[in-house]
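Read-outs: derived from the displayed coordinates by stated rules, not from any lab. Keep in mind that what you see is a predicted model, and the values were worked out from it rather than measured. Backbone-built Cβ (ideal geometry, glycine too); neighbour counts: all protein chains shown.
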Amino acid sequence: MATRQAPTRRTLLGAIPFSLAAAKAAQWPQWRGPERDGRSTETALLEAWPDDGPRLMWRSDALGRGYSSLSVSDGKLITMGQLGNAQFVIALDPETGDEIWRSETGPGYQDHFDYGDGPRSSPTVHDGRVYSVDGRGVVTCNDLETGNMRWSMDTATEFGGDIPVWGRSESPLLDEGRVIVQPGGEGAGIVALNAVDGQVLWSSGSDAAGYASAVVSTGGGVRQYVTLTASAAVGVRASDGEPLWRYERVSNDTANIPTPVVRGDYVFVSTDYGVGCALLRLRASNGGVLADEVYFHRDMRNHYSSCVLLGDTLYGFSARILTAMDFESGEVLWRDRSVGKGQLVWADNRLYVLGEAGMVALVEPDPEAYREISRFEIGRSRNRETWTTPAIARGRLYLRDQSILRCFDISAGSSS
């Protein structure tokens, strides 16, 4: 598949220089940030915004259709989009928005329920390569610098799994030389591919694919991959895919979407459609791992967004209500309608909350009460919900709404 190289424009005049160490620490290389937990390592960000929001540095209207979020690493901003009848991985200059390259992954994805066409997942940048999953389940590996495709696999064809109702939406996990994806085929519910050449290392289970992205856990003393399939929350051994534990109570019959939250031996999982949330404690047992239910209730029902854990407090959307909840007890601490139904990430002691109607809030995380500091509005395009998760890197806040990507300067050293 052809890769198009585009001319690159130099960084805009007045951009703040970063040392190599600072630049490396300020990356957002995958879904939900450096550790896939919705938290940034950034500091020295604005403590409050002007009434009309932080300074808009640039806007791009050329990403095409889709809900793919952003990865920022090694001087590239990587996302995906559907242009015409094809899906692409796209690299931009994060300081100017100029396109550097784009690489086609395959034919376009059409959503038959009118929720929007195009790719849903977010690319992962690792060791000079970009890994992605398009809406049809094609996994690709591209060179970060040039965009040249190193390998590609149509997992729906290779493993026989059906494409979920609203398209393949997981973001690939890179761990110890493995690319973890979830085709959902017979004997291939979860699959590990060699990161260098795409060869199959192991396959595990037969659950149909959900919409969740896997995370790493060492609960019970075993390195494992934890995710939500279409049927259950599961953990499989990282080295060989051996199923370790399974928990079905949190699963719904429509769409299991949120990314699990892990801390030590604990795993928090949540879904909506009237189901709820559970905290599981993993423990070693006869060479394997068992998952014990600590609590289950319906007071935190994550729909398409995932919780952020700060200290002992979970912050997340229970259906349409922003909710703070004690992690270990499950006690609800407060609720607030905030910016309406949406999602959130965290950086420099602030929650960045994006509502699906395009309202953005800066919130001080506090277990005692909802404390909003600032807000502004970006609106939404094409009369569709703004469902793309924000990304924060190098003092910049990136907000995408379908084909439109905006970059805001949120560094404390910037002029308002």
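Computed quantities for the displayed model
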read-out	value
Conditions (1) without any contact (Cβ under 8 Å) to a residue 60 or more places away in the chain; (2) surrounded by fewer than 20 Cβ atoms within 10 Å (Cβ to Cβ): number failed by Leu290	(1)
Hey, Ser374 in a loop (DSSP other than H, G, I, E, B), surrounded by 15 or more Cβ atoms within 10 Å (Cβ to Cβ) and in contact with a Leu (Cβ under 6 Å, 6 or more places away or on another chain) or not	no
Qualifying residue in region 141-161 (condition: within 25 Å of Ser381 (Cα to Cα) and of a type in the set (Asp, Glu))	no
Qualifying residue in region 190-205 (condition: outside any loop (DSSP other than H, G, I, E, B), touching an Asp or Glu at 6+ places or on another chain (Cβ under 7 Å) and among the aromatic types (Phe, Trp, Tyr))	yes
Spans of strands (runs of 3 or more DSSP E) in region 294-370 with at least 1 residues under 30 Å from Glu248 (Cβ atoms)	308-310, 313-318, 321-326, 332-336, 342-347
Residue check for Asp98: of a type outside the set (A, V, I, L, M), in contact with a Gly (Cβ under 7 Å, 6 or more places away or on another chain) and surrounded by fewer than 23 Cβ atoms within 10 Å (Cβ to Cβ)	no
Strands (runs of 3 or more DSSP E) (entirely within region 32-132) containing at least 3 residues that are under 14 Å from Ala391 (Cα atoms)	71-73, 76-83
Elements of type strands (runs of 3 or more DSSP E) contained in region 225-280, each with 1 or more residues being crowded, with 22+ Cβ neighbours inside 10 Å and free of Cβ contacts under 8 Å to residues at least 24 places away in the same chain	none
Meets criteria (crowded, with 21+ Cβ neighbours inside 10 Å, outside any loop (DSSP other than H, G, I, E, B) and touching a Lys or Arg at 6+ places or on another chain (Cβ under 7 Å)) for Leu397	no
